[in-house]
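The values are calculated or read from the model by the stated rules, or taken from the named source; none is laboratory data. It should be emphasised that the depicted structure is a prediction, and the values quoted were computed from it without experimental measurement. Don't worry about glycine lacking a Cβ; one is built from the backbone with ideal geometry, like all the others, and counts go over all protein chains shown. SASA here: full protein model, heavy atoms, side chains in, ligands and nucleic acids out. Shrake-Rupley method; radii C 1.70, N 1.55, O 1.52, S 1.80 Å.
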Amino acid sequence: DYDTARFVSRNRSGFDLLAERRRAFGTAKSPRHVPDGAPVIGIPAALALLEMLPMWKMFFASLAIPFVTSEGLAEAVTAGRNAAGAEFCAPIAALHGHVAHLADRADYLFLPFFFEESDPDSRGHRMYCQYTQYSSALASGIDGGRIRDRCLSPLVSYTKWKDWTRRELHEALAGAGVPGLVPAQVARAFDRALARHQAGRRRLE
C-alpha cells in the first residue's frame, strides 16, 4: 500500500529461506591461527561464487588460509559501474563492485573461471554466457589492471574437470605464497568442502 511507510511481510508461515540456508551450510570463519606469511584471500560474493560461497569459505578455512568476503556489500552495482569503465549488465557490474571493495582488504583476490553450471546432482551442463565465462578477466582489469597480478584465477569445475581443478587450485595458492601446501592437501580440502556443500544442499531441499 502506498500509504504504508513500513515493510509488511506476507510470510504467514514463518519460513525464512536465508536462515534455513545458513543452518544447512553452516558458516566457516577465517582461521585465527595461520602460518607465518599466509596471504589474506578476498572472495567476492557475486556471480557463480555467491552460490558456492559457503564451500569456498570452508575450503580456505580447512587450509588455515585467512580470507575476507564482500558479503553484505551495498550498492555493488553502482560501485562496479564506476570501477568498470564500461557498460555491463547488472550482475557483471556488481562483480566489479565486489572486487573493487576487496582490492584494499586482501592480499589476493579469488576470481576463478567458471565456464558452465556444474550441478553435481545432474548429468546436464549449461554453459554460462560469455561475459560470465570471462568475468574474472574483466574484473581483474579494474584500476587500469593494477590488481591483475593479485588475482587467483584457476579454472574450476565441480563435476567433470575436478582433477584439473585440484591441480589449478594448488598452483594458484602456491603462486600466492601460501606456505607448506602440497597438492594432496589441497585436493582433500576441496573434496571435503564440496561434499559438505552437497550435503547442505540436500538438507536445504
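Given the conditions (1) modelled with pLDDT of 95 or more; (2) of a type outside the set (A, V, I, L, M); (3) under 30 Å from residue 188 (Cβ atoms), report the number of the one that residue 96 does not fulfil.
(3)
So which strands (runs of 3 or more DSSP E) stay within region 18-115 end to end and still have 2 or more residues that are open to solvent by 20 Å² or more (accessible area, probe 1.4 Å)?
Because the criterion is at least 2 residues that are open to solvent by 20 Å² or more (accessible area, probe 1.4 Å), the strands (runs of 3 or more DSSP E) in region 18-115 that meet it are 67-69.
Please name all residue pairs, on different chains or six or more residues apart, with Cβ atoms under 7 Å, provided the first residue is in region 176-201 and is over 19 Å from residue 110 (Cβ atoms) and the second residue is among the aliphatic types (A, V, I, L, M) and open to solvent by less than 50 Å² (accessible area, probe 1.4 Å).
Going by the 7 Å Cβ cut-off, the qualifying pairs are 200/24.
Kindly indicate which of 203, 167, 196, 192 is part of a helix (DSSP H, G or I) and over 19 Å from the mean Cα position of the chain (by Cα).
None of the others qualify; the one that does is 203.
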